[in-house]
Amino acid sequence: MSPCLPRLCGPLALLCLLAPAAGAQGPSSSSNAADCAWIGDGAPSVVADIAARLAAYAPTEITASVAHLPPAEAAALRKLVEAARIMDELFWAQACPCREEIEARVQAIAGPGGEAARSYFAINFGPWDRRFERQPFVGDWPHPRGAGFYPRDLTDAEKELIQADARLSALQTVVRRDEQGGLRAIPYGEFWREPLSRCAELLREAAALTGSESLRRFLVARADALLSDDTLESDMLWMDLDSPIEITIGPYETYEDDLFGYKAAFEAFVTVVDPVESERLARYKGELPWLEAQLPIAEVHKNPHRGGESPIRVVDEVYSAGDTKAGIQTIAFNLPNDERVREAKGSKKVLLRNVMNAKFEQILRPIGAELVAVDQRARLDAEAFFLHTLFHEMGHGLGPGRLMLDGRETEVRLELKDTYSTIEEAKADLLGSWTVWQLQGKGYFPAEHLDRQAVTYLAGLFRSVRFGIAEAHGQANAIQFNWLREQGAVLLEPETGRYRVDMDRFPGAIEELLRRVLVLQAEGDCAAARELIAKYATMPAELFAALQRLAGIAVDIQPVFKDAGA
Ligand SMILES: [Zn+2]
């Protein structure tokens, strides 16, 4: 089964990483036994279906093309992987208060359930199942909604105080009790001074090794930012990276703070840029203004100034750490979140090509094998999956954005309100398909690619609705599926329960739904958006039955990084 991860095989070896810096507040509340009394000391139970839960994450080797790197860059890359590993440790402290105490208990569980629980503990960065609303899968400790960011025992009055106080609610402070029992905010750079200093040192060492000026400048600025908690300059420099190695490292997303969503969690992506892919991407991006002009809507609704506002990078992941590695693996991300950087430079989309390929093989291909008509199955294609994701991301930059309605300046987002995310995701998905047809017409792809694209897209719809239709991505995919069924562009084979694409009807059906979505965006028509969602974002019995057939297929990969060294 799943390999025993090094940190679980030797947990004691890691305790030193979180030792408090001299004079600073202890970095991990877990070193204080009194704070962790809630862990208790009985033998923790393990959920009965632990083996099935673990099997949902297929261990998968992630390899990157690093052979072309000159020796100095390869040496810099090794330093960056080391730096990223520190993000793992810091995220453990953020996600799992009293980690050492809990881990010691999990270590003591005997039998096969114990082994599975330990592997699953590593995947989830704690005893709480990220797939199932953070219910414990081992032990009976309820998940502290404030994770390791706040004391566990906040009163309602203290919660209000945190919301009202700029330092307590800041992105990069930890909230702890002071000696009088009140609350105080400690900046990350102070609270985690020792591990962050080591991380900063590794970034500086990598900076000294690399021949890339943009990477060198970013690393030096980022090293400073880790300790000062002032990320602005380094986020700006991150936007300008133009280097064979790209790294994203530090505190970014706030989802781990389930209490308020204020606190940033540590993570890292260490990646290498594929020069061939970057060249190809530049050509696609050059087509954005042309694609905008081809959109199936009236000229007045087109937005000639929109294309190309955000850079896109295609990279191979060498190592990922922290927040992004917990639970479901990221295949594309969009950073930074700092609005000041977004105003000045936009944001950057990074597509992790090798992770995408791994998910295709472990998830999409088996889904297709189960649900796509036998004679169309050979058309499932990793390249088509990648291109759809790429054109989806580019598609967010096409179509209506800022609007003028009755002489009033507004935005699609403001007009569509709570329907915006579902409609915007549907638009981007449809563009992910439509763009392939447009560019094929310009000679970018052979005609056979259209078949591969349509069939792979169909399998992708099942992949996305598999987790329900409660949120934007699931809804957007249900809309597309139900629309294509209604239009006869996707057909059910009653005798096998499998689906096939009708290649004659498919492109027209995609374009018509795209037209509808673009028009309601251009008109800021929230009522029409609601109507579309109510009619099509549904789970008909036929789709539900199809999804039942996917029960044995992995939900995600568990990455095993082959180029990150030991
Ligand atoms: Zn999207």
Relative to the Cα centre, what is the charge dipole magnitude of the chain, using +1 at the beta carbon of each Lys and Arg, -1 at the beta carbon of each Asp and Glu, and rounding to the nearest 20 debye?
640 debye
As I understand it, the dipole of the chain uses +1 on the Cβ of Lys and Arg and -1 on the Cβ of Asp and Glu, about the Cα centre. Which of Ala37, Gly250, Phe561 lies farthest toward its positive end?
Phe561
In the structure shown, do any of Lys325/Lys562; Lys79/Lys263; Lys159/Lys417; Lys159/Lys325 have a Cα-Cα gap over 22 Å, and if so which?
Lys79/Lys263; Lys159/Lys417; Lys159/Lys325
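Rg(Cα) of the stretch 440-492 divided by 2.2 N^0.38 Å? The partial results should precede the final answer.
Values: Rg = 13.1 Å, N = 53, 2.2 N^0.38 = 9.9 Å.
Compactness ratio reported: 1.32.
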Say R0 is 41 Å: what FRET efficiency, to the nearest 0.05, do Asp240 and Ala51 get from their beta-carbon distance?
0.30
What FRET efficiency comes out for Glu279 versus Gln487 if R0 is 45 angstrom and r is the Cβ-Cβ distance? Round to the nearest 0.05.
0.75
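Would you mind working out the magnitude of the charge dipole of the stretch 439-566 relative to its Cα centre, with +1 at each Lys and Arg C-beta and -1 at each Asp and Glu C-beta, to the nearest 20 Debye?
Details: 14 positive and 16 negative charges, 42 e Å.
In total the dipole reaches around 200 debye.
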Check Val174: other-chain or 5+ apart residues with amide H under 5 Å from its amide H, H built from backbone geometry?
Ile186, Tyr188
With a cut-off of at most 16 other beta carbons within 10 Å, and DSSP calling the residue loop, which trypsin sites (Lys or Arg not before Pro) in the stretch 45-95 qualify? Please list them.
none
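DSSP loop (so not H, G, I, E, B), at most 14 other Cβ within 10 Å: list which GluC sites (Glu not before Pro) in the stretch 406-497 pass both filters.
Glu471, Glu495
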Where does the chain land on Rg(C-alpha)/(2.2 N^0.38 Å)?
1.00
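For the chain, give the share of DSSP beta bridges that are antiparallel, in percent and rounded to the nearest 5; count only bridges with both residues there.
75 percent
Under unit Cβ charges (Lys, Arg +1; Asp, Glu -1), what dipole magnitude, rounded to 20 debye, does the stretch 357-552 have relative to its Cα centre? Before the final figure, lay out each step's value.
Working: 22 positive and 28 negative charges, 58 e Å.
Magnitude of the dipole: close to 280 debye.
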Check which residues have an amide H placed less than 5 Å from Gln135's amide H, if you skip close sequence neighbours.
Asp129
Ranking request for peptides 120-129, 106-115: highest mean number of other beta-carbon atoms within 10 Å first, then the rest in descending order.
120-129, 106-115
Rel. contact order, % - alpha carbon contacts under 8 angstrom, at least six apart, the chain:
16 percent
Given H placed 1.01 Å from N in the peptide plane, which residues other than close sequence neighbours of Ala58 have an amide H under 5 Å from its amide H?
Val555, Asp556, Ile557, Gln558
Return the sequence-ordered ³J(HN,Hα) values of the stretch 54-69 in whole Hz as given by the Karplus equation 6.51 cos²θ - 1.76 cosθ + 1.60 applied to θ = phi - 60°, using x for Gly and Pro.
5, 5, 5, 10, 7, x, 9, 6, 10, 10, 10, 7, 10, 4, 7, 6
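Bear in mind these aren't lab numbers, they're just calculated from the coordinates by the rules spelled out. Note that the structure is a prediction, hence the values are computed from the model and not measured. Neighbour counts are summed over all protein chains in view; Cβ atoms, including those assigned to glycine, are modelled from backbone coordinates with ideal geometry.
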